[in-house]
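Structure first, commentary second.
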Amino acid sequence: MNNWEGCNKMRSWNSITLGEVLPFKYGKNLPASKRTHSGEYDVVSSAGIIDSHDTAFTTEPCIVIGRKGSIGSLTYCPDPVWPTDTTFYVTGTPYCDLRFGYYVLQTLPLNQMNNDSAVPGLNRNDAESLAFSLPPVSEQKTIAKVLGSLDDKIAANQRTIQSADSLRNALWDKLLKTNTESLPLSSLAEFINGRAFTKNATGTGRVVARIAELNSGIGSNTVFNDIEVHQNHVVLPGELLFAWSGTLMTKRWPYDEAIVNQHIFKVLPISKFDLWALELIIQSQIHYFQMIAAGKATTMGHIKRADLDKTVEVPTSIPDKLNMLGKTLWMLASQAEQENQTLARTRDELLPLLMSGKITVRDAEEASAEVGVDKHEVKE
């Protein structure tokens, strides 16, 4: 009797390999010329969802896994999709619930299994030989529901963020259709430059917010420092940062209190325009600033403080009610972003503990309840 045949009949968890219960299948090439931007089905590569198509290559829900390039990347696809030839994909089996399998794959070192020195590549035999502990299917489904409830709430918050920001953009566009004036960007806000706080960092204390954190969030390479700095160089959740070097971008800071590193402005209102509007004003000039930065070929692309003197088109006035609406939308999105950080931390802490059987589902439900996910919200 195979291990997976016995797992439903035994209360203990069995050691199993991926290939026995989640065999990897190759995605199929779909040239860009054959993709349709308005297709019904997502096209998924190792970089995630990249386009759409009129038909699906796999009609079953699946997990798409990066095979070339971003190896080990994971995209959970509850609907039919087209996995490209840079991917593997797996579907659920009678012995392994698909969403449970998605969380299993997150605990395995797929992204470290590069067997190609030129272009990162994942070998199917190596991946399928990875072992993990498999509980009975009923327990798999329960574990997946608990972790899924956290991911579902994160997804719902993300939709709230997108809606709030879309409404904020629409509000600004409406205001620009009234009376406007041209003012220097530098006159609308205080742009406080960060400093080199990564030097001699202690490894403890607050996050040092660098461009890497603005791009990709807090990760294993994030620098921490317990140095005391002036409040001007501290960013709080919901405040606005503007990277003026490298990747020129704005960022509503969603994490805990941090220290602002060099090459980043902390943006503070000094005029009639609050953060909700200032972010849109700066964004309206991002392409201009990127063009300036791209012209500095001998150094890392950047702008100078003098470039902030560029005039921008802004409303002559903003009615109090509309300004309050803009601030409310900014705050709503910020709160959802902050909650998502808490939810993601909880999920990431529970994931290895649940998958190893070190905590029970009841323990995980209690932990989820502490961050606002009621067990009754867990979907079937």
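Every number here is computed from the coordinates shown, using simple stated rules; none is lab data. Computed from a predicted structure; not experimentally measured. All Cβ positions, even for glycine, are placed from backbone atoms using ideal geometry, and neighbour counts span all protein chains on display.
What to note about this one:
- In this simple spin-label model, placing a label point 7 Å from the Cα along the Cα-to-Cβ direction at both ALA118 and ALA201 gives a separation of 3.6 nm.
- Inter-probe distance in nm under a simple model that places probes 7 Å from Cα toward Cβ, at SER245 and GLN283: 2.6
- Applying a DSSP loop filter and a limit of 12 other Cβ atoms within 10 Å to the GluC sites (Glu not before Pro) in the range 208-243 leaves GLU228.
- Relative contact order (%) - the range 169-274, alpha-carbon pairs under 8 angstrom, separation at least six: 36
- Label-point separation in nm, ASP256 to GLU40, each point 7 Å along Cα→Cβ: 4.8
- The lysines whose alpha-carbon is closer than 20 Å to the alpha-carbon of LYS321, local same-chain residues fewer than 8 away aside, are LYS174, LYS177, LYS272.
- Of all segments of the chain bounded by trypsin sites (Lys or Arg not before Pro) found in a DSSP loop with no more than 13 other C-beta atoms within 10 Å, the longest spans 29-176.
- Summing charges over neighbours of LEU280, with a neighbour being any other residue whose Cβ is under 15 Å away from its Cβ, gives +2 when K and R count +1 and D and E count -1.
- Candidate lysines for bridging to LYS199, where Cα separation is under 27 Å - those fewer than 8 sequence places away on the same chain excluded: LYS251, LYS266, LYS296, LYS304
- Straight-distance crosslink candidates among lysines, where the alpha carbon sits under 24 Å from LYS25 and sequence neighbours closer than 8 are dropped: LYS34, LYS68, LYS141
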